[in-house]
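The structure under discussion appears below in the form of structure tokens.
The values are calculated or read from the model by the stated rules, or taken from the named source; none is laboratory data. Please read all numbers here as calculations on a predicted model, not as lab measurements. Virtual Cβ from ideal backbone geometry, glycine too; neighbours counted across all protein chains shown. Please note that ligands, DNA and RNA were not included when accessible areas were found on the heavy atoms of the full protein model with its side chains. Shrake-Rupley method; radii C 1.70, N 1.55, O 1.52, S 1.80 Å.
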Amino acid sequence: MKAPEKPLRIAEIFGPTIQGEGALIGLPTVFVRAGGCDYRCAWCDSMHAVDSAYRETWAAMSTAQVWDRVCALSGGRPLTVSLSGGNPAIQDFGPLIARGRAEGYDFALETQGSVARDWFSDLSMLVLSPKPPSSGERPDWAAFDACLAAGQGAGAVVMKIVVFDDADYAWAQEVAGRYPDLPLVLQPGNPEVDPAVPVAAQDVADRLLWLVEKVTADGWFRPRLLPQLHVMLWGNRRGV
């Protein structure tokens with residue numbers, strides 16, 4: 001007998017809006033943000049989807065309910081669905097991906113690479129984002145390698161590293177050397193995590209310029225440098 005489906009913990013579903021960061025930046029996207037995470041990064045800007053203190057705000061939804069909401073938001077037009085969090089890999093999104101792909105939707109997922117899932121291979125884009133020293137977390141590279149292996153059948157696999165300071169930058173170079181064949185995206189971190197505090201677009205631009213000058217001075221031209229576009233446009237507001 002097939003085991004009953006375990007409800008998904010969902011912090012929010014919103015869109016369509018543009019993807020604000022990473023390899024799919026600028027792409028029209030519907031976001032499904034999962035509740036729960038196995039990390040507690042010092043600069044996390046989505047604690048409402050991470051900390052169990054917010055559990056009462058998360059909705060327990062079936063795959064069918066999540067899919068109905070995605071379809072309602074997208075108007076039935078096949079768009080990219082981004083699975084984020086928290087860490088969406090700690091829940092089983094395999095059935096949702098299978099259902100959406102059958103309807104022509106693409107699925108992207110970002111995770112720190114701490115939990116591998118066999119359904120990673122069904123994604124259009126798997127973004128592995130190991131957390132740098134400023135996060136206060138230490139990646140488990142064996143788990144990261146398992147995630148990389150699980151995603152080999154995906155449309156694309158990309159590594160994204162957020163850089164806040166010189167120590168993060170040096171760490172990113174080290175990690176890039178560990179995975180020389182993995183496409184790499186760098187983006188400057190946003191130190192302001194309070195949704196109620198406005199973010200100055202110039203401050204975000206200045207941090208990107210700092211990163212550009214770092215890689216240029218070093219002649220390190222492998223990574224693709226991208227801003228957090230959503231932060232520049234909307235600050236830390238949720239649901240954008």
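Some notes on this structure:
- Rounded to the nearest 20, the Cβ-based charge dipole of the stretch 8-234 about its Cα centre (Lys and Arg +1, Asp and Glu -1) stands at 520 debye.
- Net lengthening on full extension, Asp145/Lys6 (0.36 nm per residue, minus Cα-Cα): 47.3 nm
- Coupling constants for the stretch 55-71 follow from the phi torsions by the Karplus curve (6.51 cos²θ - 1.76 cosθ + 1.60, θ = phi - 60°), and in residue order they are 3, 5, 8, 7, 9, 8, 10, 7, 4, 4, 5, 5, 5, 4, 5, 4, 5 Hz; glycine and proline get x.
- Taking amide H as placed 1.01 Å from N in the peptide plane, the amide H of Gly189 sits under 5 Å from that of Val163, Phe164, each at least 5 places away or on another chain.
- Residue-normalised accessible area of the chain, given per residue in Å² at a 1.4 Å probe: 46 Å²
- Cα-based shape type of the stretch 1-51, given that a ≥ b ≥ c are square roots of the gyration tensor eigenvalues and the cut on a/c is 1.5: oblate
- Simple spin-label estimate for Gln202 and Trp43 gives 2.1 nm between the two label positions (7 Å along the Cα-to-Cβ direction from each Cα).
- Cut-off under 5 Å, modelled amide H: who pairs with Leu123 long-range: Gly155
- Residue among His48, Gly177, Thr216 farthest towards the positive dipole end of the chain, charges placed on Cβ: His48
- Label reach from Tyr54 (point 7 Å along Cα→C-beta): in the stretch 87-112, amide nitrogens under 18 Å belong to 87-91, 110-112.
- Sulfur and carbon atoms: percent of accessible area, the chain [1.4 Å]: 53 percent
- Looking at the chain, the DSSP beta bridges with both ends there are about 30 percent antiparallel.
- Helical contribution to [θ] at 222 nm, DSSP H n ≥ 4, -39,500 (n - 2.57), averaged over the chain, rounded to 500: -8500 deg cm²/dmol
- Spacing of the modelled spin labels on Ile18 and Glu213, each 7 Å from Cα toward Cβ, amounts to 2.6 nm.
- Cα gyration tensor category, rounded, prolate or oblate, for the stretch 8-234 with a/c compared to 1.5: prolate
- In order along the stretch 208-215, the Karplus-derived 3J(HN,Hα) couplings, from 6.51 cos²θ - 1.76 cosθ + 1.60 at θ = phi - 60°, round to 5, 4, 4, 5, 4, 5, 5, 5 Hz, and Gly and Pro are given as x.
- All other residues whose Cβ lies under 12 angstrom from that of Gln173 are scored, Lys and Arg at +1 and Asp and Glu at -1, for a net of -1.
- Cα-based helix-to-principal-axis angle, 166-178 vs the chain, degrees rounded to 10: 70 degrees
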